[in-house]
Amino acid sequence: SFVQLHSNVDAQFTNAMSMIRLTAKSAGDERLVALSARVALLKGKSDHFADVIKAIDDMIETLKDEQEHELAEKETCEKDRMDDTKDAVDGARAIDEITDEVNRWRAEIAELQAEIEEKEAEIKKIEEELKKATKIREEENAEWERDNEDDTAAAELVGSAKDVLQNFYAENKLNLIQHKPSMFQRKQPAGEAPPPPPSTWEEPYGGAKGESNGIVAILEMIKDDIEKDKTKAKKDEDKAEEEFQTFKTESENQIEVLNDAITDLEDEISGKETKVTEAKEERGTKKDELDTVVEKIHDAEPGCDFIRLNFGMRTKNRDIEIDGLDKAKAILKGAKFEDKE
């Protein structure tokens with residue numbers, strides 16, 4: 001009976017070791033092979049069943065710890081990848097938004113520069129018109145001065161001639177008596193020829209006394225006409241000068257307004273260029289951050305991909321191992337129970 005009982009214990013011990021070897025083969029875990037070898041060495045030692053069961057329990061605990069660790073690692077990988085992917089998407093979107101802003105500011109700068117060019121062209125046109133008007137005004141003024149000098153000289157000449165005649169007639173007492181109208185004052189009857197002029201200037205002048213007043217009056221009239229022409233010319237000159245000065249002032253005011261507008265536009269361009277520079281720097285920072293996130297995702301891929309791809313199979317194999325070890329332990333416990341009996 002004792003031999004039979006010992007034989008049953010050995011058989012159950014052998015069955016437990018077989019179960020461990022079979023489980024190791026099914027799961028492909030070399031640690032179970034090593035466990036079965038270590039268990040075989042315990043055979044025949046005192047309380048070897050308790051040592052074997054403890055070794056099996058330790059292995060089961062190790063497998064469960066591994067399962068929890070791999071599950072936590074898988075969840076961490078998934079969460080990190082999800083967070084990193086979100087950060088990468090947000091970073092890429094931020095870079096795109098900054099690029100859109102830079103492009104928009106550059107377009108606005110181009111529009112402002114075009115507006116400046118238009119105003120500069122307008123200033124150039126006004127300056128050319130002002131230069132042309134100034135040249136015309138200078139020529140008109142020079143012409144008026146020449147004409148005014150000529151008219152002044154003519155008026156002085158006529159006035160001198162009139163004074164000479166008046167003195168001559170006064171000295172010869174010819175301007176006090178007027179018997180008949182002068183040839184310049186009387187009307188020539190129709191069909192009659194005018195009186196002939198003196199045959200020579202060498203004859204003594206003895207014209208009609210009234211002719212002196214007529215010639216003087218004519219000279220006075222000529223001088224008055226010259227003075228009137230001078231007055232009218234001066235009035236026209238003053239009016240032309242006034243109109244030119246008005247045009248010049250308006251043109252200069254327009255140029256000043258345009259230059260002020262150009263200054264404002266240049267300040268606006270400067271502000272937008274500053275924004276472009278700052279945005280490009282920010283985009284560079286975002287690009288560096290994105291590169292870091294992408295590199296992090298890339299570096300985590302091998303380990304996380306391994307866990308993701310093998311987690312199911314490793315979990316299944318581990319379950320097989322735990323189940324096999326539980327069965328082996330149950331076999332040993334049964335044998336120990338029978339041994340106690």
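The values are calculated or read from the model by the stated rules, or taken from the named source; none is laboratory data. Remember, predicted model here, so these are calculated numbers, not experimental data. Every residue, glycine as well, gets a Cβ built from its backbone with ideal geometry; the counts of neighbours run over all protein chains shown. We work out accessible area using only protein heavy atoms, side chains counted, and drop any ligands, DNA or RNA first. Shrake-Rupley method; radii C 1.70, N 1.55, O 1.52, S 1.80 Å.
Within the stretch 262-271, the residues that satisfy the criterion of being open to solvent by 30 Å² or more (accessible area, probe 1.4 Å) and touching a residue at least 24 places away in the same chain (Cβ under 8 Å) are Glu266, Glu268. Residue pairs whose Cβ atoms lie under 9 Å apart, sitting 6 or more positions apart in sequence or on different chains, and linking a residue in the stretch 273-302 that is farther than 16 Å from Asp87 by Cα to a partner that is among the polar types (S, T, N, Q), are Ala279/Thr99. In the set Lys316, Lys275, Lys333, only one residue is in a helix (DSSP H, G or I) and touching a Phe, Trp or Tyr at 6+ places or on another chain (Cβ under 6 Å); that residue is Lys275. Taking the residues in the stretch 141-151 that are of a type in the set (D, E, K, R) and touching a residue at least 60 places away in the same chain (Cβ under 8 Å) as candidates, determine which candidate is nearest to Glu243 (Cα to Cα). Filtering first and then ranking leaves Asp147. Would you confirm whether or not the stretch 222-241 contains a residue that is more than 30 Å from Arg146 (Cα to Cα), modelled with pLDDT of 90 or more and assigned to a helix (DSSP H, G or I)? Looking for residues that are more than 30 Å from Arg146 (Cα to Cα), modelled with pLDDT of 90 or more and assigned to a helix (DSSP H, G or I), one finds none in the stretch 222-241, hence no. Counting residues in the stretch 164-173 that are modelled with pLDDT under 95, open to solvent by less than 50 Å² (accessible area, probe 1.4 Å), part of a helix (DSSP H, G or I) and under 30 Å from Ile218 (Cα atoms) gives one or more.
Would you confirm, using the coordinates I've provided, whether Ile60 is assigned to a helix (DSSP H, G or I) and under 30 Å from Arg21 (Cα atoms)? Answer is yes for this residue. Among the candidates Ala107, Ala92, Ala121, Ala133, the residue that is in contact with a Phe, Trp or Tyr (Cβ under 7 Å, 6 or more places away or on another chain) and either within 30 Å of Lys275 (Cβ to Cβ) or at pLDDT 95 or above (or both) is uniquely Ala133. Within the stretch 127-140, does at least one residue satisfy the condition of being touching a residue at least 24 places away in the same chain (Cβ under 8 Å), under 26 Å from Thr249 (Cβ atoms), of a type in the set (S, T, N, Q) and loosely packed, with under 15 Cβ neighbours inside 10 Å? Yes, the conditions are met somewhere in the stretch 127-140.
Each residue in the stretch 303-312 was checked for being without any contact (Cβ under 8 Å) to a residue 24 or more places away in the chain and open to solvent by less than 90 Å² (accessible area, probe 1.4 Å), and 3 of them qualify.
Among the residues of the stretch 228-252, those identified as over 29 Å from Lys124 (Cβ atoms) and open to solvent by less than 70 Å² (accessible area, probe 1.4 Å) are Lys230, Ala233, Glu237.
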